[in-house]
Structures are given as C-alpha cells and as structure tokens.
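Note sheet for the following structure.
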Amino acid sequence: MKLTLTIWRQRNPGSRGKFVSYPMNDVNPEMSMLECLDVLNESLIERGEEPVAFEHDCREGICGSCGFMVSGIAHGPEPATTVCQLTMRHFKDGDELVLEPWRSRSFPFLKDLVVDRRSFDRIIQAGGYISVSTGSPQDGNDIPVGKEVADRAMDAAACIGCGACVAACPNGSAALFTGAKIAHLGILPQGKPEQDRRAVRMVAQMNTEGFGSCTNIGECTGVCPKEIPLEVIAKMNHDYLAGAWKERHKVVTAITPVTDWELAKK
Amino acid sequence: MSTAVAGPHATRAPGFWQSTNGKKAVMAITGAILFLFVIGHLLGNLQVFDGPARLNAYGRFLHNLGELLWIVRGVLILCVVLHIVATVQLWARNRKARPVGYKVKKSVASSYADRTMYWSGPIVLAFVIFHLLEFTAGTIHPESRFIPGDVYHNVVAGFSVWWVSAWYIFSLILLGMHLRHGIWSMFQSVGLNHPRHTPVLKQAALWIAILITAGYISIPISVLAGWVR
Ligand code: HEM
Ligand code: SF4
Ligand code: FES
C-alpha cells in the first residue's frame, strides 16, 4: 500500500524544526508503525540522509519506550495499542500520516520524535516504591489479598510510563500516570504503610515539574495503551488530600527538574 | 548532548494551595456550594408561576433575613472568588504546560461540555454580574422600569425585552454545560470514584443539568409567550 508520512524533523533542541513529507510506495499492511519507520530509515540512509530518530525497545507493547502522535492521536487511532503494535492495515491506501513528538514543557524535546521523559522517573523516585527489608522473603500466602483488590491493583500497575496521557491531555497533565503509580501500590496491603508519604511526595514532584492540572475530561484514558481508568486519578486525589492533612507538620522536598544541556550551558 | 549530570537539587515542595490537586479540591468544594445555591435559587424563582403575591412575599422574606442574608451572600462571594482565582491560576499553568502545540490534534474521549469549562465558566460570570445589576441592584434595566420590592413586576418587565431573555437563556445553557461536567468532576477532584456509582453519577449529572437549565429558562420563555405577565 501507498502512504505519505509527514514527520517532524528537528536535529536538536536548539535548532529549528519542520515537517517533511516522505511518500512510501510499498508499505506492507502487516508492518507495525515502527517497522514502517525502519523501512523509511533504510531508504534515508541509502540516500545519505539523516534517519528519523524515534524511541523503541521491546516492540511488543510492554516497555513504554515508544510513542508519538499519529495524525493527532497519541499512539495512533487504534485503542489500547502502542505505536510498536500498531499495524499499518488500520490505515487506508493513500493516507497521509502526520507524526509528531509528544509536546509538553515537562518532556523537553531531544530529536525528531524523541523527547526526554525523565520527569516521570523523578515522580517515581519521589515515592513510587515500597520499602522492604532484605532477607529471606515472607511466604506469599501470609498476606491475603482479595481477587477484586488484586485486579484493581493490577489494572493500575499495567501503566508502562509511555507518556501518551500527558501528550493527549489539553492541559498537559500527568494525573493519569501519577495516579496509576500511586494507586497500584496504595491499593495493596504491602503499599499501605507508606501510602500518605507516597501520595504527598509523588504529587509534590508532579507539581514541581511543569505539568498542567487535571480537568477530569478523560482524553488520557482514551489514548492510554493500557487503558488505565480515570479511577486512579480519584485515588491520587483521595490519598493526597488524606496524606496532606496527616503529614501537615512534615517538610516535603522535591527535586528541581534540570536537564543536562541546561546545566552544560551554565 | 553533554555529559554533565543533573544534580538532585532539593526544593521545598509546593504546598496545598500551590499544588494543582489542592486548587482542584477547592474548586470542587466551592463549585458544590455554588451548585447548591443554583438549586435553591431555582426553587425560589419557580414561585413566579404562583403569581405576584407569592413571589413578592418570597422576596420580602429574603430581605428580612437581615444578617443571615449577608452571611449567605458572604459565603457565596467567597466561593465565587476562590473558584475564579483557582480558575485563572490553573488556566495560566495549563497554557504554559504545552509551549509548542500540535499541527494535528484530535479528541477521542471527551465531550464538548468537558472541554469548554474554561469558556462556560467566565461567560456565566459575566452573566451573573449582569443579572445582579438587573434584578438585585436595579442599576441596569433596559427598556423597562425597576421597582424596588416588586420582584414580580421586575421579572416580567425585564424578560419582556427579547434580547435580555435571549442572553439569559444562552447563559443558562452554558451553566447547564458547566454543571454537566462539574457535577461529576467535583467528586473525582475530592477523591471519590466508585466502579458502580460513578457511571450512574455521570448519567445523573446530565439529567440534573438539563432539569436545572429547563427550570430556569422556563421563566423567560413563559414571559415572552405571555403565560406569565
Ligand atoms: C453558578 C456558578 C458556578 C457553579 C455552580 C460552578 C460549579 C462548578 C463545579 C461543580 C465544577 C467542578 C469542579 C471540579 O472539577 O473539581 C466547576 C469547575 C470549573 N468552573 Fe465553575 N461553577 C460556577 C461558576 C464558575 C465561574 C464564574 C467560572 C469562571 C470564571 C468557573 C470556572 C470553572 C472552571 C474553569 C472549571 C473547571 C476546572 C477544572 O476542571 O480544572 N465556574 N465549576
Ligand atoms: S497511564 Fe497509560 S498513557 Fe499514561 S504513561 Fe501510563 S501507560 Fe502511558
Ligand atoms: S517499544 Fe516497548 S512498548 Fe513500544
């Protein structure tokens, strides 16, 4: 099949970018979006041009590396699908696809379709873990967890940190991601002891990064490849409000977001 | 890219009001109080259908509340101010969150009412100011005479002007849209979401919003149609 890929090309954060159209004549409908870019890149390399930079790793929809906008929708038009799993048969012969990187102040631009998502890492660092003493593990059956509880935690834990929620949100909010990370631990008994501290610190870090505020409209869930439900945002708000009250005497710190090249400039 | 390492600079974290979550909780609570007022006000206004004596007596009753009236007004003004300050600050923050926009952007999951909260809100504000000047203070009463104390007369005379009614109806449809999203969103903002109840709440929000809008606009429509005069 024939497709035209209109891709955002920009060498580095400092340079000017522009859209460049690449007609493709022999796209195999069984290829994924990323394989389509591979084919394009091979021809670009043959012609001596710079290949299109994009992030990828597992190519099976579980690592969260890949992701860009496909004609205005994060990860493309198929629900619950990452771009590495998005097969070209979903498009029509002759379609033009516009590929753009995630746009967010908190995802500084790097190159072509690649952005820096370390703001997510810093949010996780702030409390997205449970503290367990080392030593021999406790018997799993010692902590009974109901099936419904386990399912809710598992649904939230499915988040792969791809950033599509932020990219799709008109406010550039990271509420769905942060909510998923707070909820999947807070729902389980193992995560309860640190629940207040976790919610307060992760929300603090989220707000220190430049993310916008949530208006509960649900664009994020609509594009999320793991279909994380809006319920996790309510869970975040709930745990944050409770935690902020219970931990009101404690001084909370957050990490100032700094990028390598900003430091290098100084 | 350089090899310089970004050191973890600890900063004091944003407090409750500085955090987007805290501001949204304030918006939810103030929005809920305003919502209760909107219902109460509607129930009071519908007495217009019981004739002049009933509505004017209701007006006198409110004015005779004395201090209590000012307490209620104070709470409402405080709510409006907090609701709007949070709106303006969050709006500014959200604008900054995406410095470079998209060439193509499609919405896949949200409704029109959801996405236009930052339009319906300010228009409702403009309306409320006009409305207070027209019916409470009586400083604006286009093409009609304002008689202090004669609520019934003021309502009928005011709404007989077609464009006053049109502006009122338009604004109340926007208020309905604001509430269609707001009624369920406020629960989400204070952390309440339930797998079974939330879908029911979303449906109910639509119907409550329609009922409120229909209730309010029945008054100017009845005046224009000559059923109330
Ligand atoms: C009768 C008047 C009003 C009522 C009953 C009302 C009610 C509400 C409710 C219940 C919410 C949901 C809160 C949440 O999502 O947590 C809300 C949100 C909102 N209101 Fe109002 N409101 C009123 C007037 C206004 C005015 C005058 C403005 C603006 C100047 C405004 C701007 C907004 C905005 C922008 C939101 C969305 C906030 C967000 O999701 O981030 N509202 N309102
Ligand atoms: S919540 Fe969904 S869209 Fe957001 S980072 Fe996680 S997997 Fe990606
Ligand atoms: S490459 Fe791993 S999720 Fe797409």
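Here are some notes:
- For segment B:42-56, 3J(HN,Hα) per residue [Karplus equation, 6.51 cos²θ - 1.76 cosθ + 1.60, θ = phi - 60°, Hz, x = Gly/Pro]: 5, 4, x, 5, 5, 5, 4, 6, 8, x, x, 4, 5, 5, 5
- Cβ-based net charge around B:Met117, under 13 Å, with every Lys or Arg adding one and every Asp or Glu removing one: +2
- Residues A:Val251, B:Val228, sorted so that the one with the fewest Cβ neighbours within 10 Å comes first: A:Val251, B:Val228
- For segment B:74-107 and segment B:125-153, distance of Cα centres in Å: 30 Å
- Mean ellipticity per residue at 222 nm, deg cm²/dmol - from DSSP H runs of n ≥ 4 across chain A, formula -39500 (n - 2.57): -10000 deg cm²/dmol
- Non-local lysine pairs in segment A:167-266, meaning eight or more places apart or on different chains, with alpha-carbon distances under 25 Å, amount to 12.
- Charge dipole (debye, nearest 20) of segment A:193-246; +1 at Cβ of Lys and Arg, -1 at Cβ of Asp and Glu: 200 debye
- For segment A:3-100, the relative contact order comes to 34 percent (Cα pairs under 8 Å, sequence separation of at least 6).
- Ordered by the count of other Cβ atoms within 10 Å of each Cβ, fewest first, B:Leu179, A:Leu185 give A:Leu185, B:Leu179.
- Averaged over peptide A:64-72, the number of partner chain Cβ atoms lying within 10 Å of each residue's Cβ comes to 2.
- Phi angles of segment B:139-148 translate, via the Karplus equation with coefficients 6.51, -1.76, 1.60 and θ = phi - 60°, into HN-Hα couplings of 6, 10, 8, x, 6, 8, 9, 9, 10, x Hz per residue; Gly and Pro are given as x.
- Placed amide H near A:Gly212: partners under 5 Å, 5+ positions off or other chain: A:Ser173, A:Ala174
- Sorted fewest first by neighbouring Cβ atoms within 10 angstrom, B:Met186, A:Met88 come out as A:Met88, B:Met186.
- Look at the alpha carbon pairs under 8 Å that are at least 6 residues apart: their mean separation over the length of chain B gives a relative contact order of 27 percent.
- Mean projected area (nm²) of the alpha-carbon convex hull when segment A:37-164 is viewed from all directions: 12.0 nm²
- Pair-distance profile P(r), taking every C-alpha pair of chain A, with 5 angstrom steps and integer %: 1, 6, 12, 15, 16, 14, 12, 9, 7, 4, 3, 1, 0
- Restriction of the GluC sites (Glu not before Pro) in segment A:1-75 to DSSP coil positions whose beta-carbon has at most 14 other beta-carbons within 10 angstrom yields A:Glu30, A:Glu49, A:Glu60.
- Whole-number percent relative contact order across segment A:150-224, with pairs defined as alpha carbons under 8 Å at least 6 apart: 43 percent
- Highest average packing first - A:119-129, B:41-51, Cβ atoms within 10 Å: A:119-129, B:41-51
- From phi via Karplus (6.51, -1.76, 1.60), per-residue ³J(HN,Hα) for segment A:120-131 in Hz, x at Gly/Pro: 5, 4, 5, 5, 5, 4, 5, x, x, 7, 10, 8
- Cα convex hull of segment B:154-226, projected area averaged across orientations, nm²: 5.3 nm²
- Test item: A:201-213 mean partner chain Cβ contacts at 10 Å: 5
- Dimensions (Å) - segment B:34-119, Cα atoms, principal axes, largest first: 60, 28, 15
- Pairwise centroid distance, computed over Cα atoms, of segment B:13-71 with segment B:203-225, Å: 17 Å
- Within straight-line reach of A:Lys111, meaning a Cα separation under 16 Å, sit the following lysines at least 8 residues removed in sequence or on another chain: A:Lys18.
- Expressed per residue, the C-alpha convex hull volume of segment B:58-210 stands at 177 Å³.
- The mean count of C-beta atoms from other chains within 10 Å of the C-beta of residues in B:195-202, rounded to a whole number, is 1.
- Size descriptors for segment A:3-100, from the alpha-carbon set: Rg then Dmax equal 13.0, 37 Å.
- Semi-axes of the equivalent ellipsoid for the protein assembly as shown, computed as √(5λ) from the eigenvalues of its C-alpha gyration tensor and ordered from largest down, come to 49, 29, 21 Å.
- For segment A:113-250, the spread of Cα positions along each principal axis, largest first, Å: 44, 36, 27
- For segment A:3-100, a simple Cβ point-charge model (Lys and Arg +1, Asp and Glu -1, everything else neutral) yields a dipole of about 420 debye relative to the Cα centre.
- The angle between the Cα long axis of helix A:147-157 and the longest principal axis of the Cα atoms of chain A comes to about 50 degrees, rounded to the nearest 10.
Read-outs throughout are calculated quantities, based only on the coordinates presented, and are distinct from any laboratory measurement. Just so we're clear, the structure is a prediction, and the values are computed from it rather than from any experiment. Every residue, glycine as well, gets a Cβ built from its backbone with ideal geometry; the counts of neighbours run over all protein chains shown.
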